[in-house]
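Worksheet: one structure, shown below.
The values are calculated or read from the model by the stated rules, or taken from the named source; none is laboratory data. This one's a predicted model, so the numbers in the text were calculated from it and none came from an experiment. Methodologically, a virtual Cβ is constructed for each residue, glycine included, from the backbone with ideal geometry; neighbour enumeration extends over all protein chains shown. Note: accessible area is taken over every heavy atom of the protein model, side chains too, but ligands, DNA and RNA are not part of it. Shrake-Rupley method; radii C 1.70, N 1.55, O 1.52, S 1.80 Å.
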Amino acid sequence: MPITSLLQCYNLIPSDLLFLLVQQLTTMETALSTPHNIQICEVTCDSFRIGWDMTPEDTAKATHFFIDLSRKEGGDPNRFKHRDVPTKLVAKAVPLPMAVRGHWFLSPRTEYCVAVQTAVRQADGEYLVSEWSRVIEFCTGDYAMDHLKQLLGKAKGSAGRLLKFSVFYRNQHPDYFQYVRTECGGLMRPAMKDNSGSHGSPINSKLQGVFLSCNTEFDTGLPPNDSPYGPLRFQIPAGNLLNRNTNLYFADFYCMYTAYHYVVLVLAPAGSEGDNFCHSSLPLLDLTANPFLTYIPSQRQGEESLFCHASDVILEVLYTEPIHLEQGSVVKISGHHQMSQTTANAKKDPSCKVCNISVGR
């Protein structure tokens, strides 16, 4: 029965019962259906777009959307306990799919759960809401090129002056080099980059390479005598890997709750598979003019090329191709070799103002 007809018969119905009937009929006429067919698209490291299907009637009358977002942790079936209370974000109804950014500090490469409600704001300020949709899971992406350039800008401010060096080196235990000789034909083969450093770095778990160092001591200009990684050192002339046929890329800048910082660089022979990956994912650096690792070719016959590294950061250089032990030499190094904190899968300090950017950790 229409509400107007019911009101015309008001004198036949007690007033308290009439009020309850009108309230119930009004609620029935404005009930919202549950959002369905939730779709997530255009996912980046710090934003996404979300859309869902609604009836034409709901589309016409919905005034607000409620979005509940949480990290995928555990399997609590009662995550959305308060059906009529927005727990995260209240947004005015807009055409779908709607962009979600800046409302949370989303982290790169992180799995999230999201559910939505539609709502009608009533005259008394309360909301008439639908049931929660089913929970959808999705994962945010890596740093985009713009984010990496922000990180690169921060790293430049910490690089310090350039110091000369002559060799790249890799410190390991005897068992490692024995394995390379007997099982790999003398080749140090590329291994998958772990998840240490910035969570959003595009090379994590995606790019293979051989990690090398090039930092030197201030007083001697030579590599340090000790190492936490082992008493044997493979060293190779810098020009064997860093030359006109090599491209250099910036990949990461991070610290592990320490005063010193790490810069991750990728060296890839031009045209190689690793170079093709980096070309679309990482900022390319000028070999002759960057604050981290430079190569100045000799200008005259008999003159040596000049190689320099940043003095105030620890450089981790990932070379994307196999390296044969015969290209260099393995020597025993003196000094203490007590294992210190490893960087394998080490998490970046999310509170450091020097090496973090606003889009994530």
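Taking a cut-off of 29 Å between Cα atoms, list the lysines near LYS92, but don't count ones fewer than 8 places away on the same chain.
Partners found: LYS61, LYS72, LYS81.
Quick one: which residues, 5+ away or cross-chain, put their amide H under 5 Å from the amide H of LEU282? H built at 1.01 Å from N.
Here nothing satisfies the definition.
Rounded, prolate or oblate: pick one for the range 145-332, where a ≥ b ≥ c are the square roots of the eigenvalues of its C-alpha gyration tensor, a/c under 1.5 means rounded, and failing that, prolate if a/b is larger than b/c, else oblate.
rounded
For the pairs LYS164/LYS347; LYS193/LYS332; LYS156/LYS347, flag any whose C-alpha to C-alpha distance is greater than 23 Å.
Too far apart for the 23 Å limit: LYS164/LYS347; LYS193/LYS332.
Please give the solvent-accessible surface of CYS214 in Å², to the nearest 10, using a probe radius of 1.4 Å with every protein chain present.
0
Scan the range 239-325 for chymotrypsin sites (Phe, Trp or Tyr not before Pro) in coil per DSSP, keeping those whose Cβ has at most 15 other Cβ atoms within 10 Å, and list them by number.
Of the chymotrypsin sites (Phe, Trp or Tyr not before Pro), the ones in loops of the range 239-325 whose Cβ has at most 15 other Cβ atoms within 10 Å are TYR257, TYR260.
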